[in-house]
2 protein chains.
Amino acid sequence: MEHLNRLFDIHPWKLKTTQLHKDMRLQESLTSIGNGYMGMRGNFEEGYSGDHHQGTYLAGVWYPDKTRVGWWKNGYPDYFGKVINALNFLAMTITINDTEIDLAKLTPKSFNQELDLKNGLLSRSFTLNLPEATVAFTFRRFLSITTQEAAWIDVNLAVLDGRASVKWRSALTSDVQNEDSNYNEHFWEPIATSSNGETSPYLQVRTIPNQFDIEQFTVTAMMDNEFSTQLTSDYTQAPLAVSEEVATELKQGEQLSLTKRVLLVTSRDVAPSEQVAKAATLLATAKKETFDEALTQQTAAWQKRWELADVQIAGDDEAQQGIRFNLFQLFSTYYGEDERLNIGPKGFTGEKYGGATYWDTEAYAVPLYLALAKPEVTKNLLNYRYNQLPQAKHNARQQGLAGALYPMVTFTGIECHNEWEITFEEIHRNGAIAYAIYNYTNYTGDTSYLATHGLEVLAEIARFWADRVHFSKRKGQYMIHGVTGPNEYENNVNNNWYTNTLAAWVLQYTIDSYQKYRDSTQARISDEELVHWQEIIDGMYYPKDDELGIFVQHDTFLDKDLMPVTDLDTAELPLNQHWSWDKILRSCFIKQADVLQGIYFFGDAYSIEEKQRNFDFYEPMTVHESSLSPSIHAVLAAELGLEEKAVEMYQRTARLDLDNYNNDTQDGLHITSMTGSWLAIVQGFAQMKTTENTLRFAPFLPKNWQGYAFRINYRNRLLAIDVNKQVTLTLISGDPLDVSLYEKPYKLATTLTIPMPTKEED
Amino acid sequence: MEHLNRLFDIHPWKLKTTQLHKDMRLQESLTSIGNGYMGMRGNFEEGYSGDHHQGTYLAGVWYPDKTRVGWWKNGYPDYFGKVINALNFLAMTITINDTEIDLAKLTPKSFNQELDLKNGLLSRSFTLNLPEATVAFTFRRFLSITTQEAAWIDVNLAVLDGRASVKWRSALTSDVQNEDSNYNEHFWEPIATSSNGETSPYLQVRTIPNQFDIEQFTVTAMMDNEFSTQLTSDYTQAPLAVSEEVATELKQGEQLSLTKRVLLVTSRDVAPSEQVAKAATLLATAKKETFDEALTQQTAAWQKRWELADVQIAGDDEAQQGIRFNLFQLFSTYYGEDERLNIGPKGFTGEKYGGATYWDTEAYAVPLYLALAKPEVTKNLLNYRYNQLPQAKHNARQQGLAGALYPMVTFTGIECHNEWEITFEEIHRNGAIAYAIYNYTNYTGDTSYLATHGLEVLAEIARFWADRVHFSKRKGQYMIHGVTGPNEYENNVNNNWYTNTLAAWVLQYTIDSYQKYRDSTQARISDEELVHWQEIIDGMYYPKDDELGIFVQHDTFLDKDLMPVTDLDTAELPLNQHWSWDKILRSCFIKQADVLQGIYFFGDAYSIEEKQRNFDFYEPMTVHESSLSPSIHAVLAAELGLEEKAVEMYQRTARLDLDNYNNDTQDGLHITSMTGSWLAIVQGFAQMKTTENTLRFAPFLPKNWQGYAFRINYRNRLLAIDVNKQVTLTLISGDPLDVSLYEKPYKLATTLTIPMPTKEED
């Protein structure tokens, strides 16, 4: 079934296809590239007149949309923040013998497209029979991770037969629109262009004014078009575009190529008045290198990333391609260089969900970055939230509540999404922010953040929870009404078990941490507060069902018409594309792990029997229509010895986009959930656990795999884990370490190899 | 407290003030006039440059707004229907000695404004000290109820002192915007204008195109400007405006007046190509009358309405003014002439709630129109829904459900509001549509509608309910999850008692009616359905609390932090202007009668003790922030002998807008809840009941009133009820009738007078 949605061939390091697919949007999503600073969908340089989605996005450049629909209510945000489609700097028009090159109109004799995951090079080649000529085209591009302001595009055309009268125009244009614009509004206004042929052509634009005191971002892009032949250029400029055009005649056997270097700076880093000079300086440096020289540097830089992060899977190239694609896209979105940035759910690959920052970062990305990058990267993510503490307090105040409420969707820390059932109610996110502080501290062993900034954040989050609970006189317990749990297929429920659990945990962790570090932090918590918080912890109500032996997702969940997903006609899946929202909300079907998410977070607190009963109860009703879901199920299934289920869940997370499982990859990639395949392998298959200051593993090998291997950073050490018929731990660097393998303690000094335990037959 | 918000003096038949208020929006709302065909806010003819809300609206002329915010989901309507601000035909500019007359800039020496409720004449006069002149101005206008296409405006200016160089421009302009437009979009495009001075100046405009196959409405307005002195006119035209201008010199003691007749037709009634001719014909007729002659006809026509509908209150002019204002505004909005129209919550007085049709009509307006107009008027309201049955089936299908779901907000029968918690969940409205059929049948005794069309509607509504319930295996009962009850201060609750009660009632009423009238209706209900529906009725779950002896609003209501409104700081009221939506949803406070609404609908089914316990439990938590709430509480309080509470609730509903209780009248009047004051007097104070084919009364007289009197249509009879120290029933026309007074039977042939029973002391 899923293979019908697969566009690219299986290859361990590449996405390759010889097909020009009908669904250009899907093809564009999958061939997105980015460098943390900017990124774009796999749009064709020469343009494409068929249905597609032209999209370039710049990190941290957004617009507050004032559009209001429905009946506005107190506490709703003032604006709806959206990532905006930025200038198209790939733009070029190639005309040969008066025919414009456009693959929507011309059918290529051969077509090849390839995304190289080793270095982020996107290339494409095709041959066209044109009037009086047969011409071969090659396009290559990458976004530099060594100079993030730089984009490199290299195009070659070769006349195989006949003669070609070539007109070639290369442009920078901000005459672009958002896919999600309601009124075809343009988000850019012109500031300056230059194309006099003396300086390199550039375009400076600014986001249109807004009424919310949000920065108008100014962006300058400058290009150099280096043709392989000396040609005379014509320059043209319009308010929102600048272009350079050449014309020439090519005979059979002749070629013409263009290296287009684009340097782009934004007012996030460079003041508008200095942008042209800065771009020119960067461009001058770039011009010292050829495309291939720059590519060599790019490959070397990516190699360093892969040395630490690569996960190798032997015997299953589908799985191999999946995890590498995910890691590639994740690092293309965020590699921790800038603490003002975060990880948008679609990264640079689309506009859905408005870009910005979600709790996905803390819940799903932090564990990966902790293991696959230096601790500073994760600390940047923590500091991102620390720096936004004043805004989080503002958000709580908007709801009439004490403390701090971290936003559901944000660019600045201020909530900027406006569905009450999400933003007001999906408050468990506030717990995930606290959990990330715990996670960092526990994983790295570095208590310095917790003991200072961390506690400031925790204290305000705890205050929020203490104000958000209410005491039910009838039940004599503390309750949390009106929430949406991780399962967004229910809204506005009472006593979501996950939320209640997380809230009480935050209060306890804050009390405990404050008792340890009250002297080192600027946070101040009164004795009265500490006593009251303890009362809430002790009096918290947790819905459970003794007969079933499970935690109940929320108060009335068991009154629903309960049935397994397997009772549904598969034609109804995914539900969100076939059922009305009303039907989904009333159904028992779970979008993503909810009770199980809590059991995953606090694994040590529950017995294996409790885990088993809850997994057996909830898993059959879970449709995994959030991309964040399968990984958590994979980890728990692995722990419960349900290897087949764990592998199924791994596949779903690893190839979610490559096989378009949820039929929505055309809108963009599921960037934040791409950590899921890594979590499934490392925390699932390898059963890595890090609680209680001990690194533990209990790996199994999926039966169709010959082996898998990965590396992790852990407390100033670099370790390699190799799982095949035996399990090998190697300490590549750092001091010797106590580890646990299958619950037996070992001292790891250099290498440790033990045989895979034989499986008990069920 | 509330008197601070009172703009107009107390008077039994008028709204009068000598103040030009700071809050022009409030003043404009309260001086709105309408004639069922068109209407407008109390905008000043000569314009007003200060903050205000220019608004003219045409019945049934609207636009489908495609704006989408948030994350669209299946089942959401395609568009958000909105009433659109139509052409301003009052428009005029008066310049005297180069000073433009604008009360935002000039301070009048004297100011008088008056709305005469007897005939709908809005008049205003003031005197201004201008450069070199003192001038007195008088403006009068009304919208004709005898020729609904006609608006009459009469203006006089008199030079009291000095000399006046007058320029006077009178215009029709469609260069208007909606207050609620997000992008300052214009909804009108020009078709034609003419101002050549040969034919009368006219303006023809059309609503801009839309993508939803919704009619583009074409409107033509034609004006005649008759000045008291023969003057030469200059005509100007722009795409969206046409105007006529004169200039003259006036000396001390001289006057100049203008009678402006405007005739307006829309494509709802007249094809665009015939509109100019039609308007010209209507205008020619209008020109045969003077303003005062037309006003005499208008007064006579209103007098006929008042003869039947007037409620007289002796000894309390505040109360008297309140109910007359409400009846005036109701009839200005709807008097049943056109079965394609309905009663928008703001009528012609504002844009909030998008105009259109709500369940308010069936629940709150039908009882009034049944009693105060001919049965045909209510039948038109029933036919409105009957004619939209196919659209209601479409709405159900949008939610994946069987049968018919009448919309929450609509212009055509298709749902056009997009908040899921309202439109998908506030499905109790579907019960109100059925209840209106019962109400009509029970009140009029006319079973013919029920026996034919009514059953077709009932069968489809019943099918909806039968599909919308689910069977909870755990409880062994039928439940309705995921609803919003009448109390919109809770959303997405389970087993709202009111909704469950209403759903089961609809099923039962449909079964019973089908058994009586299966041979006369085209509706077909299978035996299988009838059996299944009976199972649902018998197995329906109703939340209740035996200890408290009450029906529980919904499953977890009693877990809330319950407290009376009196525990709140009054500075926090109204909650919707001071609390976040999150806090409101989690609170126990009730926006409008919910359980009590059900007890009101089905009064015969509950004992007085049950009513008392539920009233005592819910009333203290009810904030009445829906204007539909106090009347229901007034009726029940009266039944329970809580006279003080009944009177308090009456005052709140009767003077809701006049005293701006909810601090939102500036957005427009609460048209559909204006029936509440009549319900409070007739069903409350007079305890009129009509169940079981008997007309019953048990009046009490509020202690500050000397008496009250009203008339009703009832089963081909006209009755007068007069309550003072005694109760007098008079049969004005029709056959003798069995009635019940204080639960004793009487035969009413001409007049029946009995003394008011002495009250028992509590």
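A short reminder: the numbers here are calculations on the coordinates, not readings from a lab. Since the model is a prediction, treat every value here as computed from it, not as a measurement. So basically every Cβ, Gly included, is an ideal-geometry build from the backbone, and we count neighbours across all protein chains shown.
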Notebook entry, point to check: Does the range B:91-111 include one or more residues that are in contact with a Pro (Cβ under 9 Å, 6 or more places away or on another chain), more than 14 Å from chain A (Cβ to nearest Cβ) and either under 30 Å from A:Tyr183 (Cβ atoms) or of a type in the set (Asp, Glu) (or both)?
Noted result: yes
Notebook entry, point to check: Just to be sure, is B:Glu490 crowded, with 22+ Cβ neighbours inside 10 Å, of a type in the set (D, E, K, R) and part of a loop (DSSP other than H, G, I, E, B)?
Noted result: yes
Next item on the list: Output the number of residues of the range B:224-240 satisfying the condition of being closer than 23 Å to B:Glu274 by Cβ and in a strand (DSSP E or B).
Entry: 2
Next item on the list: Could you give me the residue pairs with C-beta distances under 9 Å whose first residue belongs to the range A:659-674 and is part of a helix (DSSP H, G or I), whose second residue is surrounded by fewer than 24 Cβ atoms within 10 Å (Cβ to Cβ) and charged (D, E, K, R) wherever it lies, and which are 6+ apart or on separate chains?
Entry: A:Thr665/A:Arg25; A:Thr665/A:Asp659; A:Gln666/A:Asp23; A:Gln666/A:Arg25; A:Asp667/A:Arg25; A:Asp667/A:Glu179; A:Asp667/A:Glu351; A:Asp667/A:Lys352
Next item on the list: For B:Ala221, state whether it is outside any strand (DSSP E or B) and within 30 Å of B:Gly60 (Cα to Cα).
Entry: no
Next item on the list: Could you name every one of the helices (runs of 4 or more DSSP H) located completely within the range B:354-443 that has at least 2 residues being over 18 Å from the mean Cα position of the chain (by Cα)?
Entry: B:375-387, B:389-398, B:420-423
Margin query: Looking at the range B:108-136 only, could you name the residues that are without any contact (Cβ under 8 Å) to a residue 40 or more places away in the chain and of a type in the set (Ser, Thr, Tyr)?
Written below: B:Ser123, B:Ser125, B:Thr127, B:Thr134
Next item on the list: Could you please let me know if B:Lys73 is crowded, with 23+ Cβ neighbours inside 10 Å and touching a helix residue (DSSP H, G or I) at 6+ places or on another chain (Cβ under 6 Å)?
Entry: no
Next item on the list: For B:Lys379, state whether it is in contact (Cβ under 8 Å) with a residue 60 or more places away in the chain, more than 14 Å from chain A (Cβ to nearest Cβ), surrounded by fewer than 24 Cβ atoms within 10 Å (Cβ to Cβ) and farther than 30 Å from B:Trp72 by Cβ.
Entry: yes
Checklist line | Residues located in the range B:495-527, provided they are assigned to a loop (DSSP other than H, G, I, E, B) and buried (at least 24 other Cβ atoms within 10 Å of the Cβ) | finding: B:Asn495, B:Asn496
Note to self: Every residue in the range B:409-421 that is more than 8 Å from chain A (Cβ to nearest Cβ), under 13 Å from A:Trp71 (Cα atoms) and either surrounded by fewer than 24 Cβ atoms within 10 Å (Cβ to Cβ) or not hydrophobic (A, V, I, L, M, F, W, C) (or both), please.
What the structure shows: none
Check: Taking the range A:192-218, which residues are aliphatic (A, V, I, L, M), surrounded by 19 or more Cβ atoms within 10 Å (Cβ to Cβ) and either at positive phi or assigned to a strand (DSSP E or B) (or both)?
Finding: A:Leu203, A:Val205
Checklist line | Selection within the range A:717-748 - without any contact (Cβ under 8 Å) to a residue 24 or more places away in the chain and either crowded, with 18+ Cβ neighbours inside 10 Å or on the phi > 0 side of the Ramachandran plot (or both) | finding: A:Asp722, A:Leu731, A:Gly734
Next item on the list: Tell me which residues, restricted to the range B:64-87, are facing chain A (nearest Cβ under 7 Å) and outside any loop (DSSP other than H, G, I, E, B).
Entry: B:Phe80
Margin query: Could you list, ordered by first residue, the pairs with Cβ atoms under 6 Å in which the first is in the range B:67-94 and free of Cβ contacts under 8 Å to residues at least 60 places away in the same chain and at negative phi and the second is among the aliphatic types (A, V, I, L, M) and in a loop (DSSP other than H, G, I, E, B), at least 6 apart or interchain?
Written below: B:Val69/A:Val69
Checklist line | Residue that is surrounded by the most Cβ atoms within 10 Å (Cβ to Cβ) [pool: residues in the range B:127-178 that are polar (S, T, N, Q) and within 23 Å of B:Asp292 (Cβ to Cβ)] | finding: B:Ser170
Next item on the list: Among the residues of the range B:675-725, count how many are part of a helix (DSSP H, G or I) and small (Gly, Ala, Ser).
Entry: 4
Checklist line | Residue selected from the range A:749-761 under the condition in contact (Cβ under 8 Å) with a residue 24 or more places away in the chain and closer than 19 Å to A:Ala646 by Cβ, by the criterion surrounded by the fewest Cβ atoms within 10 Å (Cβ to Cβ) | finding: A:Lys759
Note to self: Of the residues B:Ala402, B:Ala392, only one is more than 29 Å from B:Ile712 (Cα to Cα), among the aliphatic types (A, V, I, L, M) and surrounded by fewer than 24 Cβ atoms within 10 Å (Cβ to Cβ); which?
What the structure shows: B:Ala402
Note to self: Being away from chain B (no Cβ under 14 Å) and within 23 Å of B:Thr67 (Cα to Cα) narrows it down to one residue among A:His21, A:His52; which is it?
What the structure shows: A:His52
Next item on the list: Starting from residues that are without any contact (Cβ under 8 Å) to a residue 12 or more places away in the chain and among the charged types (D, E, K, R), keep the ones in the range B:444-481 and report whichever is farthest from the other protein chains (Cβ to nearest Cβ).
Entry: B:Lys473
Notebook entry, point to check: If you go through the range B:698-716, how many residues are of a type outside the set (Ser, Thr, Tyr), under 19 Å from B:Tyr369 (Cα atoms) and either touching a Lys or Arg at 6+ places or on another chain (Cβ under 8 Å) or buried (at least 19 other Cβ atoms within 10 Å of the Cβ) (or both)?
Noted result: 4
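For every residue, the table says whether it meets (1) of a type in the set (S, T, N, Q); (2) assigned to a strand (DSSP E or B); (3) at positive phi; (4) free of Cβ contacts under 8 Å to residues at least 40 places away in the same chain.
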{"residue": "B:Leu263", "(1), (2), (3), (4)": "no, yes, no, no"}
{"residue": "B:Glu289", "(1), (2), (3), (4)": "no, no, no, yes"}
{"residue": "B:Trp306", "(1), (2), (3), (4)": "no, no, no, no"}
{"residue": "B:Gly322", "(1), (2), (3), (4)": "no, no, no, no"}
{"residue": "B:Asn326", "(1), (2), (3), (4)": "yes, no, no, no"}
{"residue": "B:Asp338", "(1), (2), (3), (4)": "no, no, no, no"}
Next item on the list: Residues being within 22 Å of the chain's Cα centre (by Cα), assigned to a loop (DSSP other than H, G, I, E, B) and free of Cβ contacts under 8 Å to residues at least 40 places away in the same chain: count how many of those fall in the range A:619-655.
Entry: 1
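Residues checked against (1) out of contact with any Asp or Glu (no Cβ under 6 Å at 6 or more places or on another chain); (2) within 14 Å of another protein chain (Cβ to nearest Cβ); (3) over 26 Å from B:Ile480 (Cβ atoms):
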{"residue": "A:Cys588", "(1), (2), (3)": "yes, yes, no"}
{"residue": "A:Asp604", "(1), (2), (3)": "yes, no, yes"}
{"residue": "A:Ile608", "(1), (2), (3)": "yes, no, yes"}
{"residue": "A:Pro620", "(1), (2), (3)": "yes, no, no"}
{"residue": "A:Leu642", "(1), (2), (3)": "yes, no, yes"}
{"residue": "A:Met649", "(1), (2), (3)": "yes, no, yes"}
Check: Counting only residues that are surrounded by 14 or more Cβ atoms within 10 Å (Cβ to Cβ) and away from every other protein chain (no Cβ under 11 Å), which one in the range B:553-581 is nearest to the chain's Cα centre (by Cα)?
Finding: B:Leu573
